[in-house]
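K.L.:
Here it is, the structure, as structure tokens.
The values are calculated or read from the model by the stated rules, or taken from the named source; none is laboratory data. Everything numeric in this text was worked out from a predicted model, so none of it was measured. Heads up, the Cβs are rebuilt from the backbone with ideal geometry, glycines too, and the neighbour counts pull from every protein chain shown. Protein only, heavy atoms only, side chains kept; ligands, DNA and RNA dropped before computing areas. Shrake-Rupley method; radii C 1.70, N 1.55, O 1.52, S 1.80 Å.
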Amino acid sequence: MTRCVIAEDELLLQEELVKLLSEVWPDLEIVAACDDGGSALDAIASYRPEVAFLDIRMPGLSGLEVASSVLAAGLRTEIVFVTAYDQYALDAFDRGAVDYLLKPVGRERLAATVARLRDRLARGVADTTQLAALLARLQSVAPPAPRAQPLVWLTASRGVETRLILVDDVAYFQSDSKYTVVMTAEGESLLRKPIRDLLEVLDPAMFRQVHRSTIVNLRAVAGVTRDDSGKGVIRLRNRPETLTVSQPFMALFRHM
């Protein structure tokens with residue numbers, strides 16, 4: 001069976017895409033349905049699917065960033081972008097050989113896309129140069145996603161104490177069951193906010209997701225090394241522990 005990863009942060013749209021795919025491609029195996037870019041990148045690295053449907057705009061990593069990391073990691077996955085932003089995307093897509101779907105996804109359009117995918121997979125065609133060229137065009141013309149002002153302070157609990165923490169003082173955030181650990185030089189506190197929601201309010205220039213469960217403050221990073229498996233290890237300036245960087249996220253540090 002052909003394996004597939006879906007990344008769509010709007011649950012109803014994700015469920016509709018899964019339903020439509022089951023109708024037009026019955027022998028497709030959906031190995032993961034993700035609601036953020038980091039989870040999608042981890043799933044692609046873990047399952048090595050033949051196909052991935054990526055929403056262009058998602059919490060954390062965008063679909064474009066996920067696709068760029070897939071290319072950098074040398075993974076041979078056919079990418080289909082899902083977008084509501086036809087005003088800037090259509091021209092770039094129509095000049096390339098990479099499939100796209102407009103929201104809301106229609107059954108007829110999806111069936112045509114599936115037919116092209118199955119043909120390319122049957123012929124063993126995977127022209128990554130076309131995807132690389134498309135990404136370059138999209139990243140140059142795409143309007144920036146509107147963002148609220150980055151979070152400056154947060155409140156977290158430490159035992160019975162509620163603490164006010166300056167976000168710049170946070171070394172990293174790490175998910176822990178239903179809580180998120182907020183780690184500073186002074187120790188850990190707990191926050192009732194999931195990682196994917198934090199990605200929406202943190203400054204993306206300074207906080208980067210390095211693992212499905214970890215966001216690191218780049219100011220707190222002393223160094224990054226790569227092991228033989230392709231994973232990375234982050235040394236921190238004011239903390240003794242190290243942090244693991246998942247192999248697909250290492251592409252985000254290639255310019256550091």
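K.L.:
Applying the selection to the stretch 94-123, what residues are assigned to a loop (DSSP other than H, G, I, E, B) and at pLDDT 80 or above?
P.N.:
Here is the first cut: in the stretch 94-123, the residues assigned to a loop (DSSP other than H, G, I, E, B) are 95-98, 103-106.
Once the filter is applied, which keeps residues that are assigned to a loop (DSSP other than H, G, I, E, B) and at pLDDT 80 or above, the stretch 94-123 yields Lys103, Pro104, Val105, Gly106.
K.L.:
For the stretch 221-253, which positions are more than 18 Å from Leu75 (Cβ to Cβ), open to solvent by 20 Å² or more (accessible area, probe 1.4 Å), of a type in the set (A, V, I, L, M) and in contact (Cβ under 8 Å) with a residue 24 or more places away in the chain? Can you show your working first?
P.N.:
Residues of the stretch 221-253 more than 18 Å from Leu75 (Cβ to Cβ): 221-225, 227-228, 233-244.
Pick out the ones that are also open to solvent by 20 Å² or more (accessible area, probe 1.4 Å) and you get 222, 224-225, 227-228, 233, 235, 237-242, 244.
Checking which are of a type in the set (A, V, I, L, M) leaves us with 222, 224, 233.
Once the filter is applied, which keeps residues that are more than 18 Å from Leu75 (Cβ to Cβ), open to solvent by 20 Å² or more (accessible area, probe 1.4 Å), of a type in the set (A, V, I, L, M) and in contact (Cβ under 8 Å) with a residue 24 or more places away in the chain, the stretch 221-253 yields only Val224.
K.L.:
While we're looking at this one, here's another question. Which one of these is within 27 Å of Tyr47 (Cα to Cα) and either touching a Cys at 6+ places or on another chain (Cβ under 6 Å) or modelled with pLDDT of 95 or more (or both): Val216, Val245, Val233?
P.N.:
Val216
K.L.:
Condition first: open to solvent by 10 Å² or more (accessible area, probe 1.4 Å) and either assigned to a loop (DSSP other than H, G, I, E, B) or touching a strand residue (DSSP E or B) at 6+ places or on another chain (Cβ under 6 Å) (or both). Now tell me which residues in the stretch 19-33 satisfy that.
P.N.:
Scanning the stretch 19-33 gives Pro26, Asp27, Leu28, Glu29, Ile30, Val31, Ala32, Ala33.
K.L.:
Considering only residues that are in a strand (DSSP E or B) and more than 19 Å from Val182 (Cα to Cα), which ones fall in the stretch 202-232? Write out each step before concluding.
P.N.:
So in the stretch 202-232, the residues in a strand (DSSP E or B) come out as 207-211, 214-217, 221-226, 232.
Selection gives Gly223, Val224, Thr225, Arg226, Gly232.
K.L.:
OK, next. What are the pairs with Cβ atoms under 6 angstrom where one residue, in the stretch 62-81, is among the charged types (D, E, K, R) and the other, located anywhere, is open to solvent by less than 10 Å² (accessible area, probe 1.4 Å) and modelled with pLDDT of 90 or more? Sequence gap at least six, or different chains.
P.N.:
Glu78/Val51; Glu78/Leu117
K.L.:
While we're on this one: Restricting attention to the stretch 46-53, does a residue exist that is in a helix (DSSP H, G or I), without any contact (Cβ under 8 Å) to a residue 24 or more places away in the chain and within 19 Å of Val210 (Cα to Cα)? Quick ask: steps written out before the conclusion?
P.N.:
At the first step, the residues of the stretch 46-53 found to be in a helix (DSSP H, G or I) are 46-47.
If we keep only those that are without any contact (Cβ under 8 Å) to a residue 24 or more places away in the chain too, we end up with 46.
Still in the running and within 19 Å of Val210 (Cα to Cα): 46.
Yes, there is a match, as at least one residue in the stretch 46-53 is in a helix (DSSP H, G or I), without any contact (Cβ under 8 Å) to a residue 24 or more places away in the chain and within 19 Å of Val210 (Cα to Cα).
K.L.:
Look through the stretch 157-175, keep the residues that are touching a residue at least 24 places away in the same chain (Cβ under 8 Å) and within 26 Å of the chain's Cα centre (by Cα), and return whichever of them is most open to solvent (accessible area, probe 1.4 Å). Walk me through it before giving the result.
P.N.:
Step one: list which residues in the stretch 157-175 are touching a residue at least 24 places away in the same chain (Cβ under 8 Å), which gives 157-158, 163, 165, 167-168, 170-175.
Imposing the further condition that a residue be within 26 Å of the chain's Cα centre (by Cα) reduces the set to 167-168, 170-175.
Details: Val167: 4, Asp168: 89, Val170: 1, Ala171: 9, Tyr172: 11, Phe173: 0, Gln174: 63, Ser175: 52 Å².
Per the criteria, the residue is Asp168.
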